[in-house]
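Note sheet for the following structure.
The values are calculated or read from the model by the stated rules, or taken from the named source; none is laboratory data. As the structure is a computational prediction, the values presented were derived from the model and not from experiment. Quick reminder, even Gly has a Cβ in these numbers, built from the backbone with ideal geometry, and neighbours come from all protein chains shown.
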Amino acid sequence: MELPFSESYKIKMIEPLKRSTREQREAWMKEAKYNLFKLKSDKVFIDLLTDSGTGAMSDRQWAAIMTGDESYAGARSFHELKDTVKRIMGFDYFLPTHQ
């Protein structure tokens, strides 16, 4: 018997979403003058502007956040990233940026 595909991970976190009607969404967009940056995030059910909130993080990703070195300079996590970029891409230099 062939079973349907099953994801190879368990979701570790859920967040409630607020549903709205089409009429509400149209009014909110009109209020924001159709500028997505003026639309409040609690009015968004599916964010297609960014990739924020489109997937759950694994237990290892959460662990990395919790154990990461947040020092401003000389952080262990920066050197781990630098070594990984060098190993995979061969780059001696790179510029890490947020999103």
Quick check on region 6-33: of everything there that is modelled with pLDDT of 85 or more and either out of contact with any helix residue (DSSP H, G or I) (no Cβ under 9 Å at 6 or more places or on another chain) or exposed (fewer than 10 other Cβ atoms within 10 Å of the Cβ) (or both), which residue is nearest to residue 59 (Cα to Cα)? 19
What do you reckon, is residue 27 in the same structural domain as residue 98 (by TED's automatic domain parsing) and part of a helix (DSSP H, G or I)? no
Per-region count, region 66-99, residues in a helix (DSSP H, G or I) and loosely packed, with under 10 Cβ neighbours inside 10 Å: 5
Which count do you get for residues in region 34-65 that are small (Gly, Ala, Ser) and surrounded by 12 or more Cβ atoms within 10 Å (Cβ to Cβ)? 4
